Amino acid sequence: MPARRRSREPSAADRALFEAAVGDVQRLAPGDGAEPAADMPPKPAKRPPPAPPPVPPRASPALEPGGAAGVDGRAASRLRRGQTRPEARIDLHGHTLEQAHRALAGFIERAARDGRRCVLVITGKGGVGRTGGTIRSEFPRWLNQPRLRPRILAFAEAQPKDGGAGAFYVLLRKRRDRG
């Protein structure tokens, strides 16, 4: 048996309860523009919901020699095998650490600005009796610093024909023309 539908009309008891609650309040005509009573505090203006916190820019993963996060496997393999030919080179032999760091930063920035894709950085292997060169050991850290990291996709130790363990290929991001 189907359920009985309730009537939309309020019952006599409901009407009496409503009239007792509202008393002698009169309904306003639409568009009357009545002002709130002077003894009533004004309603606070609705505030928009708070904006979500800004999303921090996603940091690029740290570069490792031979690693190529964000580079397809074929491009990474070509870089490691020396098949991506360098379009510019810098030799940091004979520089102090500070000079080498400045020279590298300027070189990478110019190469990126000029639209170069692959560059060769010769760091040297280090002096006699040392386990490795100071410039060579600092090189990965320099590439990962905020000034250079956004311009670099990957780097890898050079092949013997280009300097071997004393040099690195650096793959730069494609230049995005802003305009």
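The values are calculated or read from the model by the stated rules, or taken from the named source; none is laboratory data. The structure displayed is predicted, hence computed values, not measured ones. Every residue, glycine among them, receives a Cβ derived from its backbone with ideal geometry; neighbour counts consider all protein chains shown.
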* To do: Consider only pairs whose beta carbons are under 8 Å apart and that are at least six residues apart or on different chains; among these, list those whose first residue lies in region 89-114 and is touching a residue at least 40 places away in the same chain (Cβ under 8 Å) and of a type in the set (Asp, Glu) and whose second residue is assigned to a loop (DSSP other than H, G, I, E, B) and surrounded by 15 or more Cβ atoms within 10 Å (Cβ to Cβ).
  => GLU109/LEU148
* **Inter-residue pairs, beta-carbon under 6 Å, first among the aromatic types (Phe, Trp, Tyr) and in region 118-139, second modelled with pLDDT of 75 or more and surrounded by 15 or more Cβ atoms within 10 Å (Cβ to Cβ), 6+ apart** => PHE139/THR123
* To do: Scan region 88-110 and give yes if some residue there is in a helix (DSSP H, G or I) and at pLDDT below 90, otherwise no.
  => no
* Are there any pairs, at least 6 apart or on different chains, whose C-beta atoms fall under 9 Å, with the first in region 156-174 and in contact (Cβ under 8 Å) with a residue 60 or more places away in the chain and the second surrounded by 15 or more Cβ atoms within 10 Å (Cβ to Cβ) and of a type in the set (Ser, Thr, Tyr), and if so, which? -> ALA156/TYR169; GLU157/TYR169; ALA158/TYR169; GLN159/TYR169; ASP162/TYR169; PHE168/THR123; TYR169/THR84; LEU171/THR84
* Asked: Say we look at region 1-42 and pick out the residues that are among the charged types (D, E, K, R) and modelled with pLDDT under 70; which of these is farthest from PRO146 (Cα to Cα)?
  -> ARG4
* To do: Out of the residues in region 71-85 that are exposed (fewer than 14 other Cβ atoms within 10 Å of the Cβ) and in a loop (DSSP other than H, G, I, E, B), state the one that is modelled with the lowest pLDDT.
  => ASP72
* Asked: Given the residues ALA68, ALA62, which is the only one that is of a type in the set (A, V, I, L, M, F, W, C), surrounded by 17 or more Cβ atoms within 10 Å (Cβ to Cβ) and at pLDDT below 95?
  -> ALA68
* **Residue match in region 110-120 (condition: within 12 Å of ALA167 (Cα to Cα), out of contact with any Leu (no Cβ under 8 Å at 6 or more places or on another chain) and surrounded by 15 or more Cβ atoms within 10 Å (Cβ to Cβ))** => yes
* Checking THR123 against (1) at pLDDT 95 or above; (2) crowded, with 19+ Cβ neighbours inside 10 Å, which test does it fail? -> (1)
